[in-house]
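Here's the structure we're looking at; comments come further down.
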Amino acid sequence: MTETNDAGNWVRTWGASPQAAHDGIGSLDGHPPLADVTLRQVVRISGGGRRVRIRFTNEFGTAPFTIGAAQVGLAATGGGVQPGSERVLTFSGAPAVTVPAGGPILSDPLDLPLPALAKLSISLYLPGRVETCTCHDPALDAGWTIPGNAVTAPTLPDNAEVLPVRALISAVELLPGAPAKTIVMVGDSRTDGAGSTPDANHSWPELLAERLAEHGMAAGYVSNQGISGNRLLNDGIGAAALARFDRDVLATPGLGYVVLSVGGNDIGISFAPRDDGPLADFLKMFPGAPVTTDDVIAGYRQLIARAHERGVRVYGTTIAPFEGAEICTPEGESARQTVNEWIRTGGAFDAVLDFDAVWRDPDRPSRIRADFHCGDHLHGSDAGYQALADSIDLSLFG
């Protein structure tokens, strides 16, 4: 099949929303510059396919950077690559490419049959210096830096060091064997998987992907566009959902459904205690005036309208409890209840996923069940995220 005939049939099977390194949670602070180094990163796809391409990103870069060589293959334990699965990535037929500042770039498609839930190893060599790294912070899946050009190394060298972010890659796209659709989740740290076990694929979108794969569903392709600390209306940690929606959602190949699970940080930060303690330093990461429940609802309506304009169904999740977390106040809890009531009864979403009902403690509904949070009363445990994934009606994606 020619690349021309491939066009229009691609679906996104993995994604990580790009951020500026300084707009994350600081995982790259103090990290050595990325120069004359190989990045090796492992990602687990959702649905499978027969041809693959990788989306690299310099969207928050202030200068171009060069990929001197790149390779993809099936990941082996401990950072290795399964023999025989290695494929050289090219760009318009060339083995190297310069990625422009402010832009992404797609590799050429290549044949690599991949089953659902396969783990890919993506390696890229950076011969020069990356002045500003576009990344996703943090990475809950393994990644390493290796001095020099180690793209073809079959196993992870002893001099490899942990890479704490998802760096310079933002998507894996496939040609499936049958018509398929991608589900895009837009959210904050709870969607990103904060609190779950690293390298275990226990965010609720990944766990939902497992359920979809088990049932062989055509909409078994999942792109997790959660950003830890993200908000609906204002920038801060990552661009606001309203600002990044076209790039992270509407431009997704094979887009079929959108799940909105954002807005909790808008409420929590707007109604957080104002004092001079440690919380005050945390809140400095979130610029902009406090917002109201009407503002949050208006933001939902905007995203719903923009998705519906493309003929895409939009499902909304209710905002789960966060009493016990430092940012929680009675006013914030009241605002959460107001927004959740609108999500459930307003009729604007095509369906509602009631995450609040799944997570809340029956004896104290303003708190998460003790076994469903990771200890901070805010983010999920592995069991909590599994409960969210299990609560979703798969027929919504049929």
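The values are calculated or read from the model by the stated rules, or taken from the named source; none is laboratory data. Given the structure is predicted, the values throughout are model-derived calculations rather than measurements. Here the Cβ is made from the backbone with ideal geometry for all residues, glycine too, and neighbour counts use every protein chain on show.
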On the given criteria, is Pro154 at pLDDT below 95 and either touching an Asp or Glu at 6+ places or on another chain (Cβ under 9 Å) or in the same structural domain as Gly79 (by TED's automatic domain parsing) (or both)?
-> no
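Which one is surrounded by the fewest Cβ atoms within 10 Å (Cβ to Cβ), of the residues in segment 247-266 that are in contact (Cβ under 8 Å) with a residue 60 or more places away in the chain and part of a loop (DSSP other than H, G, I, E, B)?
Pro253
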Residues of segment 267-289 being of a type in the set (Gly, Ala, Ser), touching a helix residue (DSSP H, G or I) at 6+ places or on another chain (Cβ under 7 Å) and assigned to a helix (DSSP H, G or I), in sequence order, are Gly268
Output yes when any residue across segment 267-283 is crowded, with 16+ Cβ neighbours inside 10 Å, under 15 Å from Ser189 (Cα atoms) and either in the same structural domain as Pro138 (by TED's automatic domain parsing) or among the polar types (S, T, N, Q) (or both), and no when none is.
-> no
Check whether at least one residue in segment 226-234 is buried (at least 24 other Cβ atoms within 10 Å of the Cβ) and of a type in the set (Val, Ile, Thr), and report yes or no.
-> yes
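Out of contact with any Ser or Thr (no Cβ under 9 Å at 6 or more places or on another chain) and either touching a residue at least 24 places away in the same chain (Cβ under 8 Å) or among the aliphatic types (A, V, I, L, M) (or both), is that true of Leu233?
So Leu233 passes the test.
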Of (1) at pLDDT 95 or above; (2) under 16 Å from Asn234 (Cα atoms); (3) touching a Lys or Arg at 6+ places or on another chain (Cβ under 9 Å), Pro253 fails just (2)
Could you tell me whether Leu89 is surrounded by 14 or more Cβ atoms within 10 Å (Cβ to Cβ), in contact with a strand residue (DSSP E or B) (Cβ under 7 Å, 6 or more places away or on another chain) and either among the aromatic types (Phe, Trp, Tyr) or in contact (Cβ under 8 Å) with a residue 60 or more places away in the chain (or both)?
-> no
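To keep it simple, each residue is scored yes or no on (1) closer than 19 Å to Leu140 by Cβ; (2) modelled with pLDDT of 95 or more; (3) within 16 Å of the chain's Cα centre (by Cα).
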{"residue": "Gly193", "(1), (2), (3)": "yes, yes, yes"}
{"residue": "Ala200", "(1), (2), (3)": "yes, yes, yes"}
{"residue": "Pro205", "(1), (2), (3)": "yes, yes, yes"}
{"residue": "Tyr221", "(1), (2), (3)": "no, yes, yes"}
{"residue": "Gly226", "(1), (2), (3)": "yes, yes, yes"}
{"residue": "Leu233", "(1), (2), (3)": "no, yes, no"}
Unmet criterion (only one of (1) over 15 Å from Ile67 (Cα atoms); (2) touching a residue at least 24 places away in the same chain (Cβ under 8 Å); (3) under 22 Å from the mean Cα position of the chain (by Cα); (4) surrounded by fewer than 22 Cβ atoms within 10 Å (Cβ to Cβ)) for Val162 = (2)
Residues satisfying the stated conditions in segment 319-356, i.e. among the hydroxyl-bearing types (Ser, Thr, Tyr) and under 29 Å from Asp275 (Cα atoms) = Thr329, Ser334, Thr338
